[in-house]
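As structure tokens, the structure follows; a few thoughts come after it.
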Amino acid sequence: MIKKRLYRVIDANLNRLKEGLRVVEDIKRYGFDDKALALKIKNLRHKAKINHDEYIKYRDVTNDVLKQSIKSEQTRENLDEIITANLKRAQESSRVLEECFKLIDTQISELFKSIRYELYEIEALIITDQSIKQ
């Protein structure tokens, strides 16, 4: 039972991490033509790839108790808000993965810790870049 619970958390957060990174990557790539940052995020997304087969077996979308969006998730004012929301989503997911993998594989836990810190750096780069342009 503990395996089912843990692996379901891992599955959801692996998806959330990759989705959040992809959103930011695509906005930087197509919306801002920022090759350097888009490539940095793409490389980070690929770094986060681990064998997902064992965890996906425990996916249960039908019974997800928070599947419905809340109001704050349904509106964004601009691309900057989308970027911020998705960076935060990716940071939070990498933290959850870091903690969960402490029970399974400390090397993978450390991988997600390093990803989280790289995301903090990317966030600082983006915020600094935005403040310079304003």
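None of the figures in this text is laboratory data; all of them are computed from the coordinates on show. No experiment lies behind these values; they were computed from the predicted model shown. Cβ: placed from backbone, ideal geometry, glycine included. Neighbour counts: every protein chain shown.
Pairs over the 30 Å Cα-Cα cut-off, from the set LYS3/LYS40; LYS57/LYS88; LYS28/LYS49; LYS18/LYS57; LYS28/LYS102; LYS4/LYS47: LYS3/LYS40; LYS28/LYS102.
Around the Cα centre of the chain, unit charges on the Cβ atoms of Lys, Arg, Asp and Glu (plus for the first two, minus for the last two) sum to a dipole of about 380 debye. Working from Cα positions, state the angle (0 to 90°, nearest 10) between the long axis of helix 2-26 and the longest principal axis of the chain. Taking the Cα atoms of the chain, the angle to 2-26 is about 20 degrees. Against the chain, whose longest principal axis is taken from its Cα atoms, helix 106-133 shows a tilt of about 20°. Give me the percent relative contact order of the range 2-133, please, defined on Cα pairs under 8 angstrom at least 6 residues apart. So the answer I get is 33 percent. Mind checking the angle between helix 79-101 and the chain's longest principal axis? C-alpha axes, 0 to 90 degrees, to the nearest 10. For 79-101 against the chain, the angle is about 30 degrees.
Taking θ as phi - 60° and the Karplus parameters 6.51, -1.76 and 1.60, the scalar couplings of the range 32-46 work out to 10, 6, 9, 4, 4, 6, 4, 5, 4, 5, 4, 4, 5, 4, 5 Hz in sequence order, x denoting glycine and proline. Pairs of Cα atoms in the chain fall into 5 Å distance bins, from 0 up to the last occupied one, in shares of 2, 10, 19, 22, 18, 15, 10, 4, 1, 0, 0 percent.
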